[in-house]
There are 2 protein chains.
Amino acid sequence: MERILVKASKHSYPIFIGENIRFRLNKLIEKKYSSILIVSDEKVAELYVNDIVTNFPDEKVFQSIIPVGEQSKRLEYYYQLQTDAIQFGLDRESLIIALGGGVVGDLAGFAAATYMRGIDYIQMPTTILAHDSSVGGKVAINHELGKNLIGSFYPPAAVVYDTQSLETLSEKDIRSGYAELVKEALIADEVFFNKLLNVNLINVKNNQLEEHLSAGIKIKSSVVEIDEQESGVRKNLNLGHTLGHALEAELGYGEITHGEAVAIGLLFSLHVSESTFSSKLPYDSTFQWLKKNNYPLNILQLNEDSIIKKMKTDKKTLNNTIQMVLLKEIGKPIVQEINDYDMKIYLKSFTKKLEIASLVE
Amino acid sequence: MERILVKASKHSYPIFIGENIRFRLNKLIEKKYSSILIVSDEKVAELYVNDIVTNFPDEKVFQSIIPVGEQSKRLEYYYQLQTDAIQFGLDRESLIIALGGGVVGDLAGFAAATYMRGIDYIQMPTTILAHDSSVGGKVAINHELGKNLIGSFYPPAAVVYDTQSLETLSEKDIRSGYAELVKEALIADEVFFNKLLNVNLINVKNNQLEEHLSAGIKIKSSVVEIDEQESGVRKNLNLGHTLGHALEAELGYGEITHGEAVAIGLLFSLHVSESTFSSKLPYDSTFQWLKKNNYPLNILQLNEDSIIKKMKTDKKTLNNTIQMVLLKEIGKPIVQEINDYDMKIYLKSFTKKLEIASLVE
Ligand SMILES: NC(=O)c1ccc[n+]([C@@H]2O[C@H](COP(=O)([O-])OP(=O)(O)OC[C@H]3O[C@@H](n4cnc5c(N)ncnc54)[C@H](O)[C@@H]3O)[C@@H](O)[C@H]2O)c1
Ligand SMILES: NC(=O)c1ccc[n+]([C@@H]2O[C@H](COP(=O)([O-])OP(=O)(O)OC[C@H]3O[C@@H](n4cnc5c(N)ncnc54)[C@H](O)[C@@H]3O)[C@@H](O)[C@H]2O)c1
Ligand SMILES: [Zn+2]
Ligand SMILES: [Zn+2]
């Protein structure tokens with residue numbers, strides 16, 4: 001088991017990574033809580049919720065199970081969790097456990113952040129993607145007009161990451177999660193990036209996966225330690241997300257996974273970075289890797305104006321101008337203002353490039 | 001103009017108190033914001049919103065006006081504010097101004113705390129009661145099952161309190177606001193308390209009022225500086241609120257003002273304190289003062305079991321046991337656990353006492 005400590009302004013918290021550590025959860029929790037609410041989605045609950053419950057034979061343990069998918073990260077389920085918490089009698093000394101992917105983590109984390117003005121919660125990520133979402137204390141729900149627009153910075157009490165639980169993930173979710181690993185590699189570590197481009201997602205080995213997750217988490221946690229509230233360098237973690245978030249909203253939440261949308265967004269960032277800095281970046285190798293690993297790259301019928309409008313609800317937008325993370329080179333991200341006119345041209349040339357590539361196939 | 005600085009963990013913020021300072025708001029704001037959203041209720045907006053708007057001839061200024069009353073402090077209007085903020089194009093460098101009483105302050109403050117994970121907001125209290133709610137960074141909305149159950153600790157960027165705007169307050173709202181002043185006096189300052197008991201609310205003079213507000217704010221801010229997140233002494237500020245909040249919920253939000261409910265709660269605390277500590281506290285003089293000033297004290301048909309159930313959704317509740325603030329003497333508050341059986345007896349003897357007093361009339 002690995003243990004990484006993350007410093008946050010409110011308090012520091014440990015991240016535990018290891019196989020089968022979900023069965024030792026009670027040993028890893030330091031505090032005694034008055035009651036515990038486990039939040040999970042229907043799929044994850046069926047697979048793992050009992051393993052968590054058995055950790056606490058002597059406590060009051062409750063469950064709130066939400067439907068699977070991004071659609072659950074919204075006001076209605078947020079309020080449902082609050083109602084459950086009240087009806088189960090959770091008080092300020094209670095704990096919420098977020099058992100699941102980024103959807104459960106973001107939703108349950110935001111519920112914990114605002115229930116009685118904030119109670120403790122523990123992230124138990126069960127997807128690869130959630131190595132990212134569970135670290136750093138960003139919690140949120142979606143507004144119908146944009147992703148993650150309602151939320152808080154609210155660090156968890158701990159992150160407990162059982163890598164064994166990742167074995168039941170679908171191919172699509174492995175793909176989705178690796179997009180964020182590629183993102184972290186691109187903004188911070190060329191060696192790691194090259195390693196990732198050699199991975200074949202349908203047969204990643206367990207020890208390989210653990211190594212990648214640990215590397216990704218270390219990049220993520222070192223960035224959020226420096227800039228918890230995203231006033232500076234933390235913005236770089238949004239590489240690929242300007243287009244990514246807009247695509248999710250445009251296609252309808254849940255139509256494309258978060259990571260798949262981010263993957264396209266990463267490619268787009270490389271495209272824009274190459275034109276902006278007239279430099280050679282790994283657009284082609286990234287494209288090849290995404291294609292080989294079956295990322296959906298067919299977004300040809302994009303309406304650019306609508307996408308640009310969606311991009312502007314991004315939280316980095318300032319004075320109605322899109323701020324996009326670009327790369328000068330691998331490991332050298334930079335936030336750049338891009339006006340609507342240029343953005344439209346970039347979007348057109350990007351879709352054109354994808355179209356040509358698909359014809360060559 | 002008076003200026004009081006409050007230290008908070010995130011940042012310190014100034015409270016400005018003075019006559020007509022709403023016309024100088026732009027001078028008091030240090031930062032340049034990308035846009036401004038003024039949140040107010042229909043009554044306050046009609047009276048004062050233009051005075052605020054004229055401060056910013058060169059900025060993008062928007063308005064969200066909510067219906068008057070406690071009923072607006074709920075999820076629906078919270079989401080409406082988020083929608084407005086997005087549609088008006090507010091970004092992370094935007095400002096929300098909460099112009100109004102505690103309802104507007106709590107609701108707009110919580111919206112600011114969670115819009116894009118938190119943007120700046122300024123409290124501009126326009127009620128006497130809001131001297132209390134605008135200081136200390138507690139923001140919240142009500143859940144249908146209990147008061148203020150969803151919220152954050154999120155300090156404002158500043159509090160700008162124009163005492164001249166209090167001249168349009170109704171008698172009911174003056175009464176409501178003074179209840180919180182009496183509360184502050186009871187937990188901290190006997191001299192102030194005795195001064196208040198000499199006030200006749202239908203003809204408080206302006207300079208008197210300013211003196212009381214300043215004293216109240218100083219008590220409040222010194223407590224929240226010591227214990228921002230209410231893990232200790234800040235709990236004392238809930239004197240009168242255990243029954244107060246339960247009464248508001250029981251009668252239906254808006255049926256009785258917050259301060260009126262707190263006034264009854266204060267009397268109840270004095271009643272319970274006298275029995276618990278067998279000490280002489282100013283129950284009688286407080287009762288007389290409340291009666292003289294037309295506080296509604298007729299709550300004879302209380303259903304004790306239902307009230308106790310409501311008391312338990314209070315945020316101080318631990319392990320399903322009510323925690324109530326009592327007074328050993330004036331200026332010596334203490335948090336005491338009270339079991340359901342005792343609480344029922346206290347409620348019965350309290351209503352009996354009120355009933356007898358009303359017969360004597
Ligand atoms: N807070 C942050 O900093 C942050 C960072 C990145 C992403 N996110 C958010 O994370 C969300 C995406 O997270 P996600 O991809 O984990 O989505 P998810 O939570 O919807 O999980 C994806 C799918 O995998 C299933 N699943 C989860 N664990 C499983 C397991 N062990 N075995 C089998 N199936 C399993 C789920 O039921 C779901 O169908 C998005 O909403 C995104 O905005 C947040
Ligand atoms: N956050 C905290 O720490 C805290 C502390 C105490 C109370 N509160 C909350 O504050 C709320 C009560 O505040 P409130 O009593 O100010 O209620 P309120 O905001 O509803 O105002 C009371 C009434 O006065 C009117 N009004 C406001 N300013 C006026 C003016 N200048 N002239 C004429 N009319 C005016 C309003 O339209 C409303 O009808 C409750 O929801 C309570 O829970 C919060
Ligand atoms: Zn992401
Ligand atoms: Zn109050």
Exercise. Just the Cα atoms of the stretch B:120-223, one point each, no solvent: what log10 I(q)/I(0) does Debye give at q = 0.09, 0.15, 0.21 Å⁻¹?
Worked result: -0.24, -0.66, -1.17
Problem set entry | Teacher prompt: B:Asn20 distances to equivalent labels in other copies, 7 Å Cα→Cβ, nm | 7.8
Exercise. In degrees, nearest 10, range 0 to 90: what is the angle between the Cα axis of helix B:283-292 and the longest Cα principal axis of chain B?
Worked result: 60 degrees
Problem set entry | Shielding by partners - mean other protein chain Cβ count within 10 Å, residues of A:304-313 | 1
Exercise. So what's the net charge close to B:Thr286: Lys and Arg +1, Asp and Glu -1, counting the other residues with Cβ under 12 Å from its Cβ?
Worked result: +1
Exercise. Any residues in the stretch A:146-171 that have 30 Å² or more less accessible area with all protein chains than in their chain alone, probe 1.4 Å, and which are they?
Worked result: A:Leu149, A:Ile150, A:Gly151, A:Phe153
Problem set entry | Relative compactness, the stretch B:171-360, computed as alpha-carbon Rg over 2.2 N^0.38 Å | 0.97
Seminar exercise, completed: Here the protein assembly as shown gives, from Cα atoms, an Rg and Dmax in Å of 27.6, 97
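Ratio of the stretch A:2-168's C-alpha Rg to 2.2 N^0.38 Å, to two decimals? Write out the running numbers ahead of the final one.
Values: Rg = 14.3 Å, N = 167, 2.2 N^0.38 = 15.4 Å.
Against the empirical 2.2 N^0.38 Å value, I get 0.93 for the stretch A:2-168.
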For this session: Could you pull the copy-to-copy label distances for A:Glu2, with points set 7 Å along Cα to Cβ, in nm to one decimal and sorted shortest first?
Result: 5.7
For this session: Please give the net charge around B:Tyr346, taking every other residue with its beta carbon less than 14 angstrom from that of B:Tyr346, where Lys and Arg add +1 and Asp and Glu add -1.
Result: -2
For this session: Write down the percent of antiparallel bridges among all DSSP beta bridges whose residues are both part of the stretch B:2-168, to the nearest 5.
Result: 30 percent
Problem set entry | Whole-Å distance, taken between Cα centres, linking the stretch B:300-357 and the stretch A:230-281 | 55 Å
Exercise. So which lysines can B:Lys138 reach, going by Cα to Cα under 16 Å and dropping same-chain residues fewer than 8 places off?
Worked result: B:Lys7, B:Lys10, B:Lys73, B:Lys147, B:Lys220, B:Lys235, B:Lys315, B:Lys316
Seminar exercise, completed: homo-copy label distances at A:Gly252 (7 angstrom along Cα-Cβ), nm, one dp, ascending, are 4.1
Problem set entry | Per DSSP, loop GluC sites (Glu not before Pro) in the stretch A:171-246 with at most 13 further Cβ within 10 Å | none
Exercise. Average partner chain C-beta neighbours within 10 Å, per residue of A:317-327?
Worked result: 2
Exercise. Angle between the Cα long axis of helix A:75-87 and the longest principal axis of chain A, 0 to 90 degrees, nearest 10?
Worked result: 10 degrees
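Per the 1.4 Å probe, what fraction of the accessible area of the stretch B:171-360, in percent, lies on carbon and sulfur atoms? Don't skip to the end; give the middle numbers.
Details: 3950 of 7940 Å².
Looking at the stretch B:171-360 in its full context, I get 50 percent from C and S.
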Exercise. So what is the 222 nm mean residue ellipticity for the protein assembly as shown from helices alone, if each DSSP H run of at least 4 adds -39500 (n - 2.57) and you divide by all residues, rounding to the nearest 500 deg cm²/dmol?
Worked result: -13000 deg cm²/dmol
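How many Å² of accessible surface get buried when B and A come together, counting both sides, probe radius 1.4 Å, rounded to the nearest 100? If you can, show how the numbers build up before the last one.
Numbers: alone 15630 and 15620 Å², together 27740 Å².
Counting both chains, the buried surface is close to 3500 Å².
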Seminar exercise, completed: Rounded to whole Å², per residue accessible area for the stretch A:171-360 with a 1.4 Å probe reads 42 Å²
Exercise. Any idea of the accessible area per residue across the stretch A:2-168, 1.4 Å probe, to the nearest Å²?
Worked result: 33 Å²
For this session: Give, rounded to the nearest 20 debye, the magnitude of the charge dipole that the stretch A:2-168 has about its Cα centre when Lys and Arg contribute +1 at Cβ and Asp and Glu contribute -1 at Cβ.
Result: 580 debye
For this session: Excluding B:Ala215 itself, calculate the net charge of residues whose Cβ lies under 13 Å from the Cβ of B:Ala215, where each Lys or Arg counts +1 and each Asp or Glu counts -1.
Result: -4
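How much of the calculated P(r) for chain A lies past 26 Å, in percent of all Cα pairs?
On the way: 30934 of 64980 pairs.
Tail of the P(r) past 26 Å holds 48 percent of the pairs.
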Problem set entry | Nearest 10 degrees, 0 to 90: helix A:340-360 Cα axis against chain A principal axis | 80 degrees
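The values are calculated or read from the model by the stated rules, or taken from the named source; none is laboratory data. All of these numbers come straight from a predicted model, not from anything done at the bench. Heads up, the Cβs are rebuilt from the backbone with ideal geometry, glycines too, and the neighbour counts pull from every protein chain shown. For accessibility, only protein heavy atoms count, side chains too; no ligands or nucleic acids. Shrake-Rupley method; radii C 1.70, N 1.55, O 1.52, S 1.80 Å.
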